[in-house]
Amino acid sequence: MSRDYDHKAIEKKWQKIWAEESVYKVEDTVPGKDNVCVLVELPYPSGNLHVGHWYAFAVPDIFVRFKRMTGHNALYPIGFDAFGLPAENAAIKHAVNPREWTEENIKTMRAQLEAMGNSFDWSRSFATCTPEYYRWNQWIFNRFFERGLVYRKKVPVNWDPIDQTVLANEQVLPDGTAERSGAKVEKKDLDQWMFRITKYAERLLKNLDALSWPESIKELQRTWIGKSEGAEIEFAVVGTEHKINVFTTRPDTLFGVTYMVLAPEHPLVARLSYENKDEVSAYVAAARLKSEIDRTAAGKEKTGVRLQGVMALNPANNQEVPVFIADYVLASYGTGASMAVPAHDERDFAFAKKFNVPIVQVIVPCSDDPINPPKNGLEEIERETIIVFLKNKATGLYALLDWHGSLEGITTGIMGGVEDGQTPEEAVLAEIQEEAAIPDAVVTRKLKWVTAARYCASHKNQNRKAIAHAFLAEIEDLSQQGTIPESEAKTHTLTWVDESKVRDCLVPIHQKMIWDQFKEEKVLTEGGFLMNSGKFNGASSEDAKSRITEFVGGRMATTYKMRDWSISRQRYWGTPIPIVYDPEGTAHPIPDEHLPWLLPTDVDYNPKGTSPLGSSKELFERTERIFGKGWKPEVETMDTFMDSSWYFLRYLDSRNEKEFSSRDKQEQWMPIHTYFGGAEHTTVHLLYSRFFQMALYDLGLVTVEEPYTRRFNRGLIVNEDGSKMSKRTGAVNPDEQVAIVGADAVKMYLAFMGPYGVTGNYPWNPGGVVGVRRFLERVWGLAEKVVEDAREMIEAPLHQTIKKVGEDIEAFKFNTAISQMMIFVNAVEKEGDLGRAQYEVLLRLLAPFAPHITEELWHRLGHTGSIHLEAWPVYNPDRLTSETVTMAVQIDGKTKGTLTVSRGLTEEAVLAAVREDAKLAQYIAKFPSRVVFIPDKVINIVP
RNA sequence: GCCGGGAUGGCGUAAUGGUAGCCGCGCACGACUCAAAAUCGUGUCCCGCAAGGGGUGAGAGUUCGAGUCUCUCUCCCGGCACCA
């Protein structure tokens with residue numbers, strides 16, 4: 001497969017020349033050009049490049065090269081995320097030095113990356129495991145420490161009792177055993193250095209709204225942050241000084257509390273006295289042994305133990321309720337304690353059923369959500385009864401419109417109102433009683449007319465939709481005017497009442513309905529109106545939340561699912577945490593002047609119950625030498641996510657020995673124009689780095705609050721059969737592919753197989769690569785067909801191609817951009833030859849996709865400069881179109897044929913052409929027509 | 001369970017509400033060849049000899065016209081998941 005297109009020689013030749021001539025070295029400023037930094041997640045130097053790396057690095061390079069050709073100063077940096085577990089594992093397994101192992105891998109990998117032919121600026125590259133880099137990790141740690149963003153806390157870690165070591169989550173198998181030793185992993189509390197990321201939870205959440213990222217990514221982050229608004233309320237423990245502080249999102253259900261639950265790890269469990277001490281201790285011990293998965297699997301049978309003799313006082317109604325410990329309450333969320341309302345919470349309900357705790361209903365469900373009405377058993381619309389109220393938007397008052405057993409009733413029954421001598425309440429109750437006489441009537445009600453109408457509109461019975469729409473329109477008018485139409489006014493009057501009156505009428509019916517449901521053991525988790533709640537009866541859930549919280553002396557509170565970030569690792573191959581302990585054991589940050597605080601080399605990597613750094617004599621001697629006798633170093637290292645939280649800032653100023661990244665350089669490059677990465681980093685890495693940027697922003701060390709203007713997650717390349725690439729299922733070896741078809745073809749095929757930035761699985765199709773290679777060979781072959789003068793017939797396709805390729809690259813639709821170039825080449829081959837200028841345009845369009853072959857062909861045309869420094873072709877809007885167009889001829893919306901006519905024809909002219917068409921004429925002859933005419937596209941002749 | 005995103009030929013995919021299936025793969029036939037590969041050409045959604053008809057997960061709606069917009073449902077993928 002080649003003709004004389006020798007990809008091996010060409011690629012090698014140009015990569016060498018590009019490097020020698022520093023074609024891709026990027027200056028910080030270029031007069032007249034905007035700076036654009038395109039970021040890709042820096043790779044871990046595993047030592048072997050796979051197709052995923054190609055997809056991650058080679059495809060965004062198309063975008064970067066395009067930006068450069070369209071007049072931008074585009075930076076495409078690359079580095080190595082070089083700390084981490086694999087190096088340490090290799091050290092233990094093969095007795096090699098982690099640094100040597102890593103450096104060796106970086107060397108291999110850099111060569112592989114260079115062979116891709118990307119326009120990386122290697123002059124800014126670094127590895128995070130060098131002191132030149134990690135000293136700034138330590139420096140930033142110090143700044144965070146000063147700012148109160150660092151603290152020490154006992155946190156449960158995975159503990160391997162055989163190897164006597166802490167395990168990373170990825171070293172624990174799904175069944176809860178250790179990957180290496182096979183031991184059952186336990187939880188053990190260790191003091192850890194923490195970053196107070198939760199302090200930024202609200203800002204991390206709020207800023208998302210303004211970011212123009214894909215909504216799906218933002219939504220994942222929102223879920224991860226997991227904001228909940230509610231209240232903290234204290235329950236006194238009867239006969240003691242102790243209080244149980246709970247977080248709840250439903251303070252409106254406080255009167256329905258029938259028991260309390262503490263997490264097994266809750267500090268009060270140790271302090272309270274209860275009769276069944278042994279039983280409780282056993283439960284707590286068992287909970288500690290359980291793996292995270294065992295404990296948190298949803299739908300799992302509830303377990304727990306009652307603290308015999310301990311009672312808590314419900315501050316709302318002064319009732320005493322029992323106290324349990326149960327592992328369905330998590331120590332790490334909220335306050336680690338929960339008030340249980342079994343009538344209105346699924347988990348509490350299941351627990352109450354099992355432990356025979358009373359269930360007290362305090363909410364009458366009624367959704368105020370106009371889109372999602374409660375689904376209270378309304379299976380058949382014929383059986384549905386709806387009370388409709390009209391709300392006057394001006395006054396906020398309501399009038400009863402109707403109460404009927406069918407939808408048809410609603411449309412005709414704008415009647416309601418109040419008869420002579422009746423109060424509004426009596427009017428409603430009279431209607432209710434009338435309705436109650438209908439046997440088996442299922443009752444619901446909506447406070448807002450919109451609800452009723454929309455519900456009907458969305459109901460299965462589609463034939464009724466039109467009725468509902470008519471109703472909606474009619475009611476909308478009424479709401480605007482606050483009156484009813486004259487036709488209705490003759491027979492009906494509207495009397496306006498406030499919302500509380502309406503509610504008072506309705507609560508009794510709903511109680512009946514709800515009790516019916518309880519027989520079927522349903523839990524009512526939605527909001528509504530209060531019952532069994534003393535003076536709050538009849539209040540809406542929303543109102544009651546704040547009123548009840550205030551009544552019992554609680555406070556409104558917000559909780560997040562996101563936890564603070566533990567950065568401590570009991571590992572060797574990472575950044576040493578810059579902390580030393582004085583002889584009393586107090587922690588002190590290591591002053592900046594002693595940074596970098598070097599990672600010692602005289603350590604034993606083998607697991608032995610403590611951090612490897614603890615075995616370094618040099619580290620301990622160094623500490624005493626600098627800080628004094630009895631001072632001890634911190635022996636933990638930092639989480640590698642620390643390295644990747646700010647690395648992009650270092651690219652901008654990677655050789656700066658005075659600053660981690662100068663504001664000056666940041667002004668020129670930040671924020672990052674586009675950040676391409678894997679979907680697996682949507683939450684953790686992306687949130688951590690946003691947190692870093694925000695915290696550094698508050699410290700005045702960075703210039704923007706949000707680091708990434710745009711973020712796109714790429715898809716996954718899978719095997720041809722759809723299986724994920726792995727050692728077991730096999731994987732495409734990119735080096736082999738490059739050897740066969742060349743780097744240009746591999747890169748272009750990856751760009752061609754589907755849209756970029758849309759997560760999904762894209763199967764590697766060996767035939768597909770060959771297809772792209774064939775295309776490149778055809779482009780190669782066109783060199784022989786070049787003539788001096790432009791060929792008129794391919795001018796329009798050429799300009800169309802310039803337009804589409806440019807627009808598609810900007811939108812990351814590389815697949816359709818390539819498709820358009822193929823269309824153009826097909827047209828050229830049909831034509832036979834092409835003008836030199838036309839060929840040069842094609843080569844420039846293709847250059848970002850296939851940098852080597854286009855560079856070669858460009859030089860063969862006699863050019864001496866690099867094609868990659870050329871300007872992007874500009875299309876002429878006047879040349880986009882050809883003289884004739886093919887129009888669709890439709891009869892009553894069905895396409896009956898096509899007609900090739902000259903561009904810009906009028907309706908009359910096209911109609912005339914249809915009449916003249918032997919085949920099409922028959923259709924119009926039949927009926928007198930109305931015509932829908934879309935110039936140059938379609939003519940639709942309607943009977 | 002909750003939150004996102006999908007569903008179009010044998011496959012990857014393409015279609016500002018306007019001829020569904022562009023482009024590529026695969027396949028079939030033909031040319032070149034002793035032959036094969038490569039290459040080139042023609043064809044390739046379904047039914048039908050044709051005329052014609054049907055077709056974008058299912059059903060309905062809006063529209064002159066729906067893959068595209070609205071609603072209901074099914075299935076698939078991803079994330080979260082005892083979060084009070």
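The values are calculated or read from the model by the stated rules, or taken from the named source; none is laboratory data. Please read all numbers here as calculations on a predicted model, not as lab measurements. Here Cβ is always computed from backbone atoms with ideal geometry, including for glycine, and neighbour counts include all displayed protein chains. Heavy atoms of the whole protein, side chains included, go into the accessibility calculation; ligands, DNA and RNA do not. Shrake-Rupley method; radii C 1.70, N 1.55, O 1.52, S 1.80 Å.
Things to note:
- Across region A:787-865, the mean sequence separation of Cα contacts (distance under 8 Å, 6 or more residues apart), normalised by length, yields a relative contact order of 36 percent.
- Pairs from A:Lys227/A:Lys724; A:Lys153/A:Lys724; A:Lys153/A:Lys629 whose Cα-Cα separation, in the structure shown, is over 29 Å: A:Lys227/A:Lys724; A:Lys153/A:Lys724
- Pair-distance distribution of region A:68-131: all C-alpha pairs, bin width 5 Å, starting at 0; shares per bin in whole percent are 4, 16, 21, 20, 14, 11, 7, 4, 2, 2, 0.
- Which listed pairs, of A:Lys16/A:Lys67; A:Lys93/A:Lys290; A:Lys804/A:Lys919; A:Lys25/A:Lys107; A:Lys206/A:Lys561; A:Lys154/A:Lys243, have C-alpha distances above 25 Å, in listed order: A:Lys93/A:Lys290; A:Lys804/A:Lys919
- Relative contact order of region A:1-101, taken over Cα pairs closer than 8 Å and 6 or more residues apart, is 28 percent.
- Charge sum, other residues only, whose C-beta stays under 10 Å from A:Ala352's C-beta, Lys/Arg counted +1 and Asp/Glu -1: +2
- Counted charge near A:Pro342, where neighbours are those whose Cβ lies closer than 10 Å (Asp, Glu -1; Lys, Arg +1): -1
- Computed FRET value (nearest 0.05) for A:Asp892 with A:Thr759, which takes r as the C-beta separation and R₀ as 30 Å: 0.10
- Shape of region A:78-175, Cα gyration tensor, a/c cut at 1.5: oblate
- Efficiency of FRET from Cβ geometry, A:Asp592 and A:Asn318, R₀ 60 Å, rounded to 0.05: 0.55
- Take A:Thr223: with every protein chain present and a 1.4 Å probe, its accessible area is about 80 Å².
- Projected label distance in nm at A:Val938 and A:Lys227, using a 7 Å step from Cα toward the beta-carbon: 4.4
- Charge tally around A:Thr729: other residues with Cβ under 14 Å, Lys/Arg +1 each, Asp/Glu -1 each, net +1.
- Length released on extending from A:Thr709 to A:Arg655, taking residue separation times 0.36 nm less the Cα-Cα span: 16.9 nm
- Accessible area of region A:26-155 divided out per residue, in Å², using a probe of 1.4 angstrom: 34
- Modelled this way, with points 7 Å down the Cα-to-C-beta line, the labels at A:Lys12 and A:Glu621 are 5.0 nm from one another.
- Judged by the gyration tensor of its Cα atoms, with axes a ≥ b ≥ c, region A:164-245 is oblate; a/c meets the 1.5 cut and b/c is at least as large as a/b.
- Residue-by-residue Karplus 3J(HN,Hα) for region A:695-702, coefficients 6.51, -1.76, 1.60, Hz, glycine and proline x: 5, 5, 5, 5, 7, x, 9, 10
- Residue by residue, region A:725-731 carries 3J(HN,Hα) couplings of 6, 7, 4, 6, 8, x, 8 Hz when phi is fed to the Karplus relation 6.51 cos²θ - 1.76 cosθ + 1.60 (θ = phi - 60°); x denotes Gly or Pro.
- Residue-level accessible surface for A:Lys803, protein heavy atoms, 1.4 Å, Å²: 70
- Rounded if a/c under 1.5, otherwise prolate or oblate - region A:134-272, Cα gyration tensor axes: oblate
- Length-normalised contact order of region A:716-852 in % [C-alpha pairs under 8 Å, at least 6 apart]: 29
- The Cα atoms of region A:684-729 cover 51, 20, 11 Å along the three principal axes, with the biggest extent listed first.
- Inter-label distance, A:Glu667 to A:Glu234: 5.2 nm, where each label sits 7 Å from its Cα along the C-beta direction.
- The equivalent ellipsoid that matches the C-alpha gyration tensor of region A:863-943 spans semi-axes of 41, 11, 11 angstrom, in descending order.
- Amide hydrogen neighbours beyond the local backbone of A:Leu307, cut-off 5 Å, H modeled: A:Val323, A:Phe324, A:Ile325
- Accessible area (Å², per residue) of region A:735-799, counting only protein heavy atoms and a probe of 1.4 Å: 40
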